[in-house]
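The values are calculated or read from the model by the stated rules, or taken from the named source; none is laboratory data. None of the values given here were measured: they were computed from a predicted structure. Please note: Cβ atoms are built from the backbone with ideal geometry, for glycine as well, and neighbour counts cover all protein chains shown.
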């Protein structure tokens with residue numbers, strides 16, 4: 001079960017998953033009743049599920065998951081999200097940005113959960129849309145890492161895919177396409193905006209630092225977050 005966190009290289013990784021599992025993939029990018037009904041009808045034929053999902057969604061499907069996700073440097077991810085929204089006319093914030101909303105405006109508005117600790121929200125299973133800065137949410141995310149087969153890094157995508165392939169027993173390591181790539185940091189991001197992004201994503205910064213710091217240990221063949229006594 002791949003939790004596709006927006007602007008972390010997920011579109012590229014999704015293509016890797018599709019290359020490995022083919023028609024045995026189940027795409028779930030909405031949890032409305034109609035989509036869930038279709039998804040539940042296909043569960044028996046699916047070996048992989050991916051989408052903008054969150055930890056704990058396996059309970060909705062009644063399955064035992066093998067979770068995988070990809071994280072990205074929080075500042076780069078938020079900047080990339082804003083730039084993508086500014087170009088995609090179908091995106092939620094395209095019109096606001098076209099009308100002059102800056103990244104700072106979006107970050108300070110409190111109305112966009114995508115620019116406020118979004119990675120921690122996903123990994124913790126936090127479903128609220130209001131701003132969140134609670135240490136307990138981060139603690140929950142850190143505890144949930146024990147249930148992931150692998151947490152990769154967008155900045156080390158090739159290594160991450162190799163690690164996931166090993167953990168999931170893929171017969172080979174697929175080539176990773178570079179799709180829907182939106183560059184991260186930008187020299188036009190001023191110091192005030194940078195500080196606001198970092199402040200609003202302090203939990204994500206801690207989560208990312210923990211995963212990045214433990215990545216060498218993960219590459220050695222074990223989940224560094226798995227609690228003693230767990231398989």
*Tally, over the stretch 215-231, of residues that are loosely packed, with under 14 Cβ neighbours inside 10 Å and either in a helix (DSSP H, G or I) or modelled with pLDDT under 65 (or both)*: 9
*Among the residues of the stretch 59-82, how many are in contact with a helix residue (DSSP H, G or I) (Cβ under 9 Å, 6 or more places away or on another chain) and outside any loop (DSSP other than H, G, I, E, B)?*
15
*Inside the stretch 122-133, can you point out the residues that are in a loop (DSSP other than H, G, I, E, B) and surrounded by 14 or more Cβ atoms within 10 Å (Cβ to Cβ)?*
125, 126, 131, 132, 133
*Scan the stretch 99-121 residue by residue and report those that are surrounded by 16 or more Cβ atoms within 10 Å (Cβ to Cβ), in a loop (DSSP other than H, G, I, E, B) and touching a residue at least 60 places away in the same chain (Cβ under 8 Å).*
116, 117
*Test residue 212 against the criterion of being under 15 Å from the mean Cα position of the chain (by Cα) and either crowded, with 17+ Cβ neighbours inside 10 Å or modelled with pLDDT of 90 or more (or both), and give yes or no.*
yes
*For the stretch 171-209, how many residues are at pLDDT 90 or above and either assigned to a helix (DSSP H, G or I) or out of contact with any helix residue (DSSP H, G or I) (no Cβ under 6 Å at 6 or more places or on another chain) (or both)?*
21
*Looking at the stretch 28-45, which of the residues that are out of contact with any helix residue (DSSP H, G or I) (no Cβ under 6 Å at 6 or more places or on another chain) and either closer than 21 Å to residue 121 by Cβ or at pLDDT 95 or above (or both) is surrounded by the fewest Cβ atoms within 10 Å (Cβ to Cβ)?*
32
*Scan the stretch 4-16 for residues that are surrounded by 23 or more Cβ atoms within 10 Å (Cβ to Cβ) and either without any contact (Cβ under 8 Å) to a residue 40 or more places away in the chain or closer than 22 Å to residue 171 by Cα (or both) and report the count.*
2
